[in-house]
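The values are calculated or read from the model by the stated rules, or taken from the named source; none is laboratory data. Keep in mind that this is a model prediction, so the values were computed, not measured. FYI the Cβ positions are ideal-geometry reconstructions off the backbone, even for glycines, and counts take in every protein chain you see. SASA here: full protein model, heavy atoms, side chains in, ligands and nucleic acids out. Shrake-Rupley method; radii C 1.70, N 1.55, O 1.52, S 1.80 Å.
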Amino acid sequence: PLGATMLLVLAATGVSLVLPFRAGAAMQVQVMRRRYGVERASVAGTLVAEGLIDAFEMLAIALALVPTLSGIGQTLLLTASLSVAGLAVLMAIIIALAGRRGGRRRWQAVLPRRLRESSARVVADLAAGFAPLGSIPSLLRLTVVTLAGWMVAMVGYWMVGQAFGLAVPVYAYLAAEIVGDLAGVVPVTQASLGPYELGVSGVLVAFGAGPDAAAAVALVTHGGIILSEGVAGIGSAWALRLSGRDLFYIHPDDAGPGAEQAAAAITEDRLPRD
């Protein structure tokens, strides 16, 4: 269900604020399996596909903004974006090769016989999570929605910048948003405290903002993000009535009573197993 999925995304974002190692993503995988019968690997594939779309859009925007920067700001934005895009391309290639029928035969041949069937199922489920990227209309819709999200967030950054009197172009806030998001790709600190502030303030300074005002904007925007995501996460977890039984289980037999019906409803949308 769309509403439950949106609430789960918000709850997972809140969890990732307070727990390390992408705990929010793990929660999405577990809850979707237990409540709706979606295979764990399929959910993981969808999360990775979402990250790929973000990475490529981020790179496109960064390349458009690089000519407006100079010195360290240009280097920072371009290097970070290219690094993320490079990792995304590598991951996409690996998954695509693993999902090819011939590729599956080759890598499965090196596995013990007892693991071949289960590994083939996992790869098929993972590929099912990537299925939306194989449809042009679906990919276009995803791209438009993602870009709209970037624009809305940019307006939020711009509003904070106006409150502090920053005299920088509007697209400077888009560059700051990109670097702020990149700061959380590798979770050096919880909620990206420190890397976010350094990155966002550095980009704003590169666009001509004063160091003190840029630092203030970085602190306020990060505080606003943490507060809003935390409140939304708590509220969403309460609305979903999440409990330990939704999270701490291992075997598929532990799935909730609605999982079988939900799995049957989505069977036609999944890739065939072979």
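For this structure, a couple of remarks:
- Using a Förster distance of 41 Å, the FRET efficiency for Arg114-Arg245 (Cβ separation, nearest 0.05): 0.85
- Spin-label model distance (nm) - Ala23 vs Ile234, 7 Å beyond Cα toward Cβ: 1.5 nm
- Distance from the range 10-32 to the range 136-196 (C-alpha centre basis), Å: 21 Å
- Here the spin labels are modelled as points 7 Å beyond Cα on the Cα-Cβ line, and at Val145 and Leu193 they lie 3.3 nm apart.
- Average accessible area per residue (Å²) across the range 203-250 - probe 1.4 Å, nucleic acids and ligands excluded: 54 Å²
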